[in-house]
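Here is the structure we will look at, set down as structure tokens.
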Amino acid sequence: MRILIAPDKFKGALNARGVAENIATGLRDVLPDAEIDIVPMADGGEGTAEAIYDARNGTWLQCKAHDPLGREIDTRYAWIENEKLAVMEMSEAAGMRRLQPDELNPEKATAFGVGEMILDAAKREALEIIIGLGGSATNDGGFGMARALGFRFFSGTKELTAGVSELANLTEILLPERAVAAAVPSAEARPTLPKIIAAVDVKNPLLGTNGATRIFGPQKGASMETIAVLEQALTRLADVVSNEFGFDYRSEPGAGAAGGLGFGLMSFCGAKIRSGFDVVAEAVGLEAKMKDADVVIASEGGLDRQTLEGKTPAGVARLARKAGKPVFAIVGRATEDREVREIFDAVYENSRPGMSQEENMKRAAELLRGNARELAKSL
């Protein structure tokens, strides 16, 4: 029997490879002769670079950048030499994990460091950059990233270089060539940017009730008052981009990803927004690997309504159904929603009655092995 395990991470407990290896251990306890193929996955969130690095024999490149509050940090991204492909995650420079809980401040946090990582890859003559948009601490619409790339933002004659709330008074944006010439006429030209793919796991627009600020702002520390300020600032940014550049991406699905960085990447870098799951699945050759499998197993920390919006387990289930393979899910916790559960032949859940989330995470490896043994007995 050939079994394909294609999991995402259990955030805060195990990375995708760790999840897969524990499931494989449980399966082998019952099915010692099974052929097991492990394919760590991601959907544009944290773990995206690692999944592609793992599958394509990549290397890690280091570069200096700045965190959301402007402190210099060491960052890394995956590099696939034979394709000149850089795979990075915006959270590496501008993620929640870079800040302590009491440091969260979406009015001040910027994605400047993401622009620095893009520049580093461009200087290495990358032909393509994949950027995973997930886990962000920012809500700046790509303002900080664009500044790192050489764009300059003005309110009249005053240059805007501080927090995103300043954008409420934005009147003009200078393109990098004009910006460099205006600042330092003899300055070295910025490198030309390669093709950029923004890998997303959400479909939110930039603005409105389902936009970046109102949906994701509160988890980044935004109060109701701050949400109003941020929404006004991003509205003005979108208006000026539309007036000056002649295009408007504010309503594009995924524009609101990573605090509006999806919008910024499209507007300032000519990036294309794609489903993060599809990007990773293509990069790791998931569909081809499924053809030889008898059984497919998906896994992630949680299974809920959001799963249907482009998350890894739903993507794995879709490809398995397309290939005519039975597909099972082993998850940390699962909703009782029939529409979600019915995309799998069966769902195995680590959570037990009375078990706290903390205990569930602490015992994730053990519980995954146990559920894998139970699944193996049914095959």
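Taken over the C-alpha atoms, segment 1-156 has Rg and Dmax values of 18.3, 71 angstrom.
Calculation over all alpha carbon pairs of segment 253-379 in 5 angstrom steps from 0 returns a P(r) of 2, 10, 17, 17, 18, 15, 10, 7, 3, 1, 0 percent. Where q = 0.14, 0.23 Å⁻¹, what log10 of I(q)/I(0) comes from the Debye formula for segment 69-163, counting one point per Cα? The Cα Debye sum returns log10 ratios of -0.53, -1.16. Here the relative contact order of the chain, from alpha carbon pairs under 8 Å that lie six or more residues apart, stands at 20 percent. Accessible area per residue was computed with a 1.4 Å probe on protein heavy atoms; Met1 scores about 100 Å². Shown is the FRET efficiency for Thr171 and Arg71, computed with R0 = 25 Å from the Cβ-Cβ distance and rounded to the nearest 0.05: 0.25. Taking the square roots of 5 times each eigenvalue of the Cα gyration tensor of the chain, largest first, gives ellipsoid semi-axes of 40, 22, 17 Å. Taking amide H as placed 1.01 Å from N in the peptide plane, the amide H of Ala346 sits under 5 Å from that of Ala329, each at least 5 places away or on another chain.
Here the gap between Lys108 and Thr192, fully extended at 0.36 nm per residue and compared with their Cα-Cα distance, gives a gain of 27.4 nm.
Surface exposure of the chain, expressed per residue as accessible area with a 1.4 Å probe, stands at 43 Å². In summary, the convex hull built on the alpha carbon positions of segment 202-314 has an orientation-averaged projected area of 8.7 nm². Put the Cα centre of segment 316-352 next to the Cα centre of segment 200-250 and the gap is 33 Å.
Within the accessible area of the chain, the carbon and sulfur atoms contribute 46%, probe 1.4 Å, all protein chains present.
Within the straight-line cut-off of under 28 Å between alpha carbons, the lysines reachable from Lys291 are Lys9, Lys311, Lys322, Lys325, Lys377, sequence neighbours fewer than 8 places apart in one chain being disregarded.
The values are calculated or read from the model by the stated rules, or taken from the named source; none is laboratory data. Here the structure is a predicted model, which is why all the values come from computation and not from measurement. No Cβ is skipped: glycine too gets one built from the backbone with ideal geometry, and neighbour counts run over all protein chains shown. Just so you know, the surface numbers come from the protein's heavy atoms only, side chains and all, with ligands and any DNA or RNA stripped out. Shrake-Rupley method; radii C 1.70, N 1.55, O 1.52, S 1.80 Å.
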